[in-house]
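Worksheet: one structure, shown below.
The values are calculated or read from the model by the stated rules, or taken from the named source; none is laboratory data. Quantities reported herein were computed from a predicted structural model and do not represent experimental measurements. Cβ placement follows ideal geometry from the backbone for every residue including glycine, while neighbour counts extend to all protein chains displayed.
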Amino acid sequence: MPSFAQLVRRVEEELGQGHRYAHSVRVARCADLLAQRHGADPRKARLAGLLHDLARLYSPERLVAECEARGLPIDIAERRHPMLLHAKLGAAIASERFGVRDPLVLSAIEKHTTAAGEMSSLDCIVYLADSLEPGRSFPERADLWRLALDDLAGAMRAVLLLTIRHNARKGVGSVPATLAAAASFGLTVADGVPPEVRASAS
Ligand SMILES: [Fe+2]
Ligand SMILES: [Fe+2]
């Protein structure tokens, strides 16, 4: 396995855009810190954080085409919003081009955008690092980051609720994976979370 510094250089080349590269490095640092605080493996967290957005700059057409070429499943929500596919395609690219075989690291990359009904500590760490890295500018960010340092599940509940409310205000609804994640962290209709709907029914 190459050193972290070597990986950072390769990610910079692969992404080819300074803004996304800087975000990826910040997510790696935040994930490392959260892992140290919560007893997860900081090296795995850093690796997943660094590689999480490898496909983020692909066009919608390319995301669909590359997922189809690999036989990766595409659900209805992903057909409507191909940007969502950058997470699972990013995991495939991390495996193919960076030699990542660790299922924990690949899972954290795959779940970083929508979260999921079943999440490991590492999945939560990378999801929160991506949501709360200091380049994000929403007003609750700093408080939520402090919460994440102390309470991973509490931060997951807070970030998921914020995301679901934000989506509702935009009138776009949340994808089933996000609603399943909310349910798994104990959020209910009383919190303003709509019941989960199956992707096939939407
Ligand atoms: Fe992403
Ligand atoms: Fe990201």
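Here are the numbers for this structure:
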item	result
Where ILE74 falls short, out of the listed (1) among the β-branched types (Val, Ile, Thr); (2) closer than 20 Å to HIS23 by Cα; (3) not in a helix (DSSP H, G or I)	(2)
Every pair of residues 6+ apart whose Cβ atoms lie under 7 Å, when the first sits in segment 63-83 and is of a type in the set (A, V, I, L, M) and exposed (fewer than 15 other Cβ atoms within 10 Å of the Cβ) while the second is modelled with pLDDT under 95 and assigned to a helix (DSSP H, G or I)	ILE76/ALA199; ILE76/SER200
Check on ARG136, surrounded by fewer than 24 Cβ atoms within 10 Å (Cβ to Cβ) and closer than 23 Å to VAL159 by Cα	yes
Evaluation of MET156 against (1) more than 21 Å from ALA45 (Cβ to Cβ); (2) touching a helix residue (DSSP H, G or I) at 6+ places or on another chain (Cβ under 8 Å); (3) not charged (D, E, K, R) (one fails), failing number	(1)
Count of residues meeting criterion [away from ligand 1 (no atom under 12 Å from the Cβ), touching a helix residue (DSSP H, G or I) at 6+ places or on another chain (Cβ under 7 Å) and over 17 Å from ALA5 (Cα atoms)] in segment 44-64	2
Hits in segment 53-93 (condition: among the small types (Gly, Ala, Ser) and either within 16 Å of ligand 2 (Cβ to nearest atom) or within 22 Å of PRO176 (Cβ to Cβ) (or both))	ALA55, GLY71, ALA77, ALA87, GLY90, ALA91, ALA92
First in segment 7-29 and farther than 18 Å from ILE125 by Cβ, second anywhere and surrounded by fewer than 17 Cβ atoms within 10 Å (Cβ to Cβ) and of a type in the set (Lys, Arg), Cβ under 9 Å, 6 or more apart	ARG10/ARG97; GLU14/ARG97
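This table checks each residue for (1) in contact (Cβ under 8 Å) with a residue 40 or more places away in the chain; (2) over 20 Å from HIS38 (Cβ atoms); (3) surrounded by fewer than 19 Cβ atoms within 10 Å (Cβ to Cβ); (4) not small (Gly, Ala, Ser).
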| site | (1), (2), (3), (4) |
| --- | --- |
| GLY90 | no, yes, no, no |
| SER95 | no, yes, yes, no |
| GLY99 | yes, yes, yes, no |
| ALA108 | yes, no, no, no |
| SER121 | yes, no, yes, no |
| VAL126 | yes, no, no, yes |
